[in-house]
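Here is the structure we will look at.
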Amino acid sequence: MDQTKQSLEKQEIDKLTVIRPSRGWAWIDLRELWRYRELIYFLVWRDIKVRYKQTLLGAAWAILKPFLSMVIFTVIFSGLAKLDTDGAPPPVFYFSGLLPWVLFQDGVAKAGNSLVTGSSLITKVYFPRIAIPLASVMAGTVDFILAFLVLIGMMIYYGVRPMQAIWTLPLFLLLALVTALGVGLWLSALNVQYRDVGYVTPFLLQAWMYASPVVYSATLIPEGWARIAYGLNPMAGVVQGFRWAILGVGEPPSGLIIISILMAIFLLISGMLYFKRMERTFADVV
Amino acid sequence: MSDAIRVEDLGKRYQIGGMPSGYRTLRDALASSLRRLSHRDPTPPKDIIWALRHISFNVERGQVLGIIGRNGAGKSTLLKLLSRVTDPTEGRAEIYGRVGSLLEVGTGFHPELTGRENIYLNGAILGMKRAEIECKFDEIVDFSEVRKFIDTPVKRYSSGMYLRLAFAVAAHLEPEILVVDEVLAVGDAEFQRKCLGKMSDVAHQGRTVLFVSHNMSAIMRLTEETIVLEKGQIALRAPTHEAVDYYMTREMTRTGERCWSASDDYSTTSPFHPIALRVVDSAGRLADRILSTQPFEVEFEYELQESITALRTGLYLATSRGEVVLTSFDTDDPQRFERITERSPGRYISRCHFPANLLNGGRFVLGVNASTFRIRSYFTDEHALTFTIDPTGSPGSHWPERRRGLIRPALEWDFSEAAL
């Protein structure tokens, strides 16, 4: 026993790191990322701790942000524009759409800026750079959970019973996180080089929200090719699926969700590749 | 002994120019790629600088190696490469064991978090395991002397407390290889002494340490062997005292004058342009050798291209071993400072008069500085010029022994029988 422990320690000491120029495309070293899991944990923890520091309302903002949007949407899109909400009470319909959307939106916005705000880390210490945007995306789940409690309260108030399909909820949540990370990786790596990203992101997210069924139902999109093309936006599948899983409104996402999943995976993989390629110049350029 | 670090032909190239604002915008990138498409011209060579090139050396396990060199010689780049912050352009390095790098203290400190929270965060960033931090927590707090404020956000800390806490975390890092950059140059003298003590403990624990510093006495205290970097290359690797001597007297004229050529790039110091620094003896001649018993002057000539408000120029005087003797500014007289608040464009000479019987014999180093207090530092060169003080004829020199000490003033003595 002791001997194996000793030889393990010896291995650690003799662990060889080779430093040499890296060229071309490479894959993110997931094993290394796993070794740095404690750092990721602390970065997430920091983001959560710091998020609402020195605000009067503190973590209440996590609830207020989607809640106020929900009120506005209910008044304008349901009250004035009379958009169909698939038979669900409009406040619940909008709030349940907003939850995954806000998770995605905050994740992308925070991750996109994360490398630039964390430039002092990048230029001084080595660790897998992907830890920074990853932590930014993950930190948003706490806000999500807080707002989710409010959603449960609203469902009880409006007498909406959750469906059997509720077990699929974590899947849609994961899909939102994967998409946010994929887009966040692209934007953060681009932002290191081109600060234009900081100006583009708000418009991108705004347009993206209207391209996702947040304020309307995906059933408005005609069946067939149009619906499939609509699924190319992974958030379309996420938002629609999320509503379906808890409210049972809309349709079970079938074709739409598969395209969304494929698209989300494509975004994540391409984001990781691009990030890894740009990673080595971060410290020199940022 | 086996090697802990082996470096072979390491080089790092930076591209300058083309990015005047420090970062690129999309428009620049599009424009330059279009230009490249139409002309196919590679980046002009003047835009490329090798911060480091053809660097090869090895460090034995347990060795403490110093690295010295002027600003821009490539010291920081070397440490960044070895701590994997940035990638080399060519060559390779092999490192056996866990590397802890301290390129700065307090990396990742968040002002909104408390001292306690920052210890955990900073520890994790520097590569400590959570269990490791927990077990050293009390030691870290004791070392930092901020126990009373450990649950206060660090933005409420004084700068001294902040630095002490930051260094305390860093000092308890226990990797096999430690890479340290100039972190001792912070804090007050008392704390610096404490840091230096801690560093020397680390050095004697059999850990491999690479230590960069401008503080020659720290280098001499902590290391036995030192590399001198010059313009991105290794100029010398030798026992520390030899390396320090080489470094301190290198590139310095022995004529009592140091001139800065107009062709050098002074865009960062603008509108301040240094011209020359001179040591002048009592007969008004440039001199490399000054008698301790004679007064002498140090002239700093410079040009202002625009007027500067509240400018002060001054001298640092140090021994060739790096011990600081004094710092003095031309605006030290408050009345004069009131009178000349603004210096209009033109050429100036700031002249400092040194009295006779001030310095002990030996070689001294003059540094210059031009700055506005706490606003901007225009120009600093801490090793601008060396000169020798000849102790011949100074008080007590009828005994042919070397006197200890940096100064050798003529002090009044009297003696009488003590009344019982």
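Sequence-ordered 3J(HN,Hα) estimates for segment B:318-329 from the Karplus curve with 6.51, -1.76 and 1.60 and θ = phi - 60° stand at 9, 7, 5, 8, x, 7, 7, 8, 7, 10, 9, 10 Hz, glycine and proline given as x.
Tell me, in nm to one decimal, what length is gained between B:LYS129 and B:GLU382 on full extension, where the rule is 0.36 nm per residue of separation less the Cα-Cα distance?
Numbers: separation 253, 0.36 × 253 = 91.08 nm, distance 4.00 nm.
Additional length available on full extension: 87.1 nm.
For chain A, with all protein chains in place and a probe radius of 1.4 Å, 68% of the accessible heavy-atom surface sits on carbon or sulfur.
Please compute one quarter of the surface area of the Cα convex hull for segment A:8-93 and express it in square nanometres.
Values: hull surface 51.0 nm².
Average projection, Cα convex hull of segment A:8-93: 12.8 nm².
Normalised by 2.2 N^0.38 Å, where N counts its residues, the alpha-carbon radius of gyration of segment B:198-317 equals 1.41.
For segment B:318-358, the alpha carbon convex hull comes to 122 Å³ per residue, rounded to a whole number. Across all directions, the average flat footprint of the convex hull enclosing the Cα atoms of segment B:62-123 is 6.4 nm². Using a 1.4 Å probe, how large is the accessible area of B:ILE67, given in Å² and rounded to the nearest 10? Accessible surface of B:ILE67 is approximately 0 Å². To check you understand DSSP bridge types, tell me what percent of the beta bridges within the protein assembly as shown (both residues inside) are antiparallel, rounded to 5. Counting only bridges with both partners in the protein assembly as shown, antiparallel ones make up about 75 percent. Take segment A:99-202, compute every pairwise Cα distance, and split them into 10 Å bins from 0; I just need the percent in each bin. That works out to 15, 39, 26, 14, 6, 0, in percent per bin. Computed over the alpha carbons of segment A:214-286, Rg followed by Dmax gives 16.4, 51 Å.
Here is the tail figure for the protein assembly as shown: Cα pairs spaced more than 38 Å apart come to 52 percent of all pairs. Near B:PHE379, the amide H atoms lying under 5 Å from its own belong to B:ALA370; only residues 5 or more places off or on other chains count, and H is placed 1.01 Å from N. Across segment B:87-238, Cα-Cα pairs more than 17 Å apart make up 64 percent of the total.
Would you calculate, for chain B, the mean residue ellipticity at 222 nm contributed by helices, counting each DSSP H stretch of 4 or more residues as -39,500 (n - 2.57) and dividing by all residues, to the nearest 500? Mind showing how you got there, number by number?
Details: 9 runs with 99 residues, N = 420.
Theoretical 222 nm ellipticity from helices: -7000 deg cm²/dmol.
Short to long, the 20 Å bins of the Cα pair-distance histogram for chain B hold 21, 49, 28, 2, 0, 0 percent of all pairs.
Rg over Rh for segment A:68-147 works out to 1.20, using Cα positions for both radii and the Kirkwood form for Rh. Taking each of A:LYS110/B:LYS80; A:LYS15/A:LYS110; A:LYS65/B:LYS148; A:LYS110/B:LYS136 in turn, the alpha-carbon distance tops 30 angstrom for A:LYS15/A:LYS110; A:LYS65/B:LYS148; A:LYS110/B:LYS136.
Given a Förster radius of 35 Å and the C-beta distance between B:GLU323 and B:ARG147 as r, what FRET efficiency does 1/(1 + (r/R0)^6) yield to the nearest 0.05? Provide the component values of the computation, followed by the final result.
Details: r = 34 Å, r/R0 = 0.97.
The calculated FRET efficiency here is 0.55.
Over every Cα atom in segment B:246-381, the radius of gyration and the widest Cα-Cα span, Dmax, amount to 15.2, 43 Å. Averaged over residues, the count of other Cβ atoms within 10 Å places the peptides B:74-85, A:17-28, A:118-129 in the sequence B:74-85, A:118-129, A:17-28, highest first. Under 5 Å between amide hydrogens, built in the peptide plane, is the criterion, and for A:ASP86 it picks out nothing among residues at least 5 positions away or on other chains. In segment A:124-256, the C-alpha radius of gyration followed by the widest Cα-Cα span (Dmax) gives 17.1, 54 angstrom.
With distances taken between every two different alpha-carbon atoms, chain A has a Kirkwood hydrodynamic radius of 20.5 Å.
With viscosity set to 1.002 mPa s at 20 °C, what whole-number translational diffusion coefficient in µm²/s follows for segment A:1-146 from Stokes-Einstein and a Kirkwood radius over Cα pairs?
Roughly 113 µm²/s, to the nearest whole number.
State which entries of A:LYS49/B:LYS198; B:LYS129/B:LYS155; A:LYS124/B:LYS129; A:LYS276/B:LYS231 exceed 21 angstrom in Cα-Cα distance in the structure shown. Don't jump to the answer; show the numbers that get you there.
Details: A:LYS49/B:LYS198 32 Å; B:LYS129/B:LYS155 25 Å; A:LYS124/B:LYS129 19 Å; A:LYS276/B:LYS231 31 Å.
Exceeds cut-off: A:LYS49/B:LYS198; B:LYS129/B:LYS155; A:LYS276/B:LYS231.
Scaled against the 2.2 N^0.38 Å expected of a compact globular protein of N residues, the Cα radius of gyration of segment B:138-227 reads 1.13.
For A:MET163 and B:ARG92, what is the calculated FRET efficiency with R₀ set at 56 Å and r taken between the beta-carbons, to the nearest 0.05? All intermediate terms of the calculation are to be shown ahead of the outcome.
Details: r = 59 Å, r/R0 = 1.05.
Approximately 0.45, to the nearest 0.05.
Karplus-derived 3J(HN,Hα) values for segment A:190-196, using 6.51 cos²θ - 1.76 cosθ + 1.60 with θ = phi - 60°, are 5, 5, 4, 8, 10, 6, 4 Hz; glycine and proline are entered as x.
The values are calculated or read from the model by the stated rules, or taken from the named source; none is laboratory data. Bear in mind that the values here come from a model prediction, so they are computed numbers and not experimental data. Note that each Cβ is placed from the backbone with ideal geometry, even for glycine, and that neighbours are counted across all protein chains shown. Remember, those area values only see protein heavy atoms, side chains included, never the ligands or the DNA or RNA. Shrake-Rupley method; radii C 1.70, N 1.55, O 1.52, S 1.80 Å.
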